[in-house]
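Scroll down for the structure; my scribbles are underneath it.
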Amino acid sequence: MAYEQLRNSALPRAVSDVVGDVGDLLQKEIRLSRAEISSKLLAKLRAGAWMTAAAVLGLGALLLVIEAAVFAITAFGIPPYWSCLIVAAVLGVAAAVFAAMGWVPANAGPRGKGTAKRMRGLFVISPLIAVLAWTTARADPLAPVDAAGHVGQVATVCGLVASTKYAPQSFGAPTFLDFGSAYPNAVFTALILGGDRAKFGAPEKTLGGKQVCVTGQIRLYSGTPQVILTQPDQLNEKGSAGRVGRVPDDGVAGR
């Protein structure tokens, strides 16, 4: 009798409903937590992907800047291997300074602060180190006979202008300065095209028989290395040094 009354009472049903509601609530919370975790994880993955892409592009940009620095130094006549070493030395000094400053704690006391100041001083003088390396690495001027071994490079070639020729009737109205020996036995030639001739005056009259240095990229033309001069600062007259030949007008076509 008592059992029947207890079974038919509202208490068991209430307890059962409470347990069921708690179970549903727990399941909903679990699903909500999973969704939230998935959303945060997805957001972090997306952020990580964007950061990775930014790092890759930034690294590529840095490599291009370094490569441009190497090419810029090479353009001044320094051999490529020296240009790479100069850039690497500057980057190495900067990296060492940054690493050392990172290792010195802010509250390391007077000794640590002194170390930080020395590191900053080293970073400041690193450009001076680069300039010194630049000066040391400057390639010595080439003799005309050696120019053929440096085709493709920017270099300075110094020697006797053995013959000259201005050919206004030829294509480009070129002016030729032949080094080493008179044309057609010249071992090296400096070429001034008609469009740039006014910048140099009349070099076929003023530079013959003189020691002259020319700077530029050495190219090979018909088996003879040559440099094309477009600016007066590419040419430096060293002084008089002998007789000069003239290529006759009826000599060789184009000359």
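Would you mind stating whether residue 243 is over 13 Å from residue 176 (Cα atoms) and modelled with pLDDT under 85?
Yes, satisfied.
Is there any pair linking a residue in region 177-204 that is farther than 11 Å from residue 232 by Cα to one that is part of a loop (DSSP other than H, G, I, E, B) and of a type in the set (Val, Ile, Thr), with Cβ under 6 Å and at least six apart or on different chains, and which?
Taking only residues 6 or more apart or on different chains, the pairs are 180/187; 183/247.
From the list 53, 35, 43, 49, exactly one residue is under 30 Å from residue 89 (Cα atoms) and at pLDDT 70 or above. Which is it?
Details: 35 fails: under 30 Å from residue 89 (Cα atoms); 43 fails: under 30 Å from residue 89 (Cα atoms); 49 fails: under 30 Å from residue 89 (Cα atoms).
After applying the criteria, what remains is 53.
Yes/no matrix, rows are residues, columns are (1) aliphatic (A, V, I, L, M); (2) modelled with pLDDT of 85 or more; (3) surrounded by fewer than 13 Cβ atoms within 10 Å (Cβ to Cβ):
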| position | (1), (2), (3) |
| --- | --- |
| 62 | yes, yes, yes |
| 79 | no, no, no |
| 86 | yes, no, no |
| 127 | no, no, yes |
| 131 | yes, no, yes |
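The values are calculated or read from the model by the stated rules, or taken from the named source; none is laboratory data. Model, not experiment: these values are computed from the prediction. Glycine also receives a Cβ, built like all others from the backbone with ideal geometry; neighbour counts cover every protein chain displayed.
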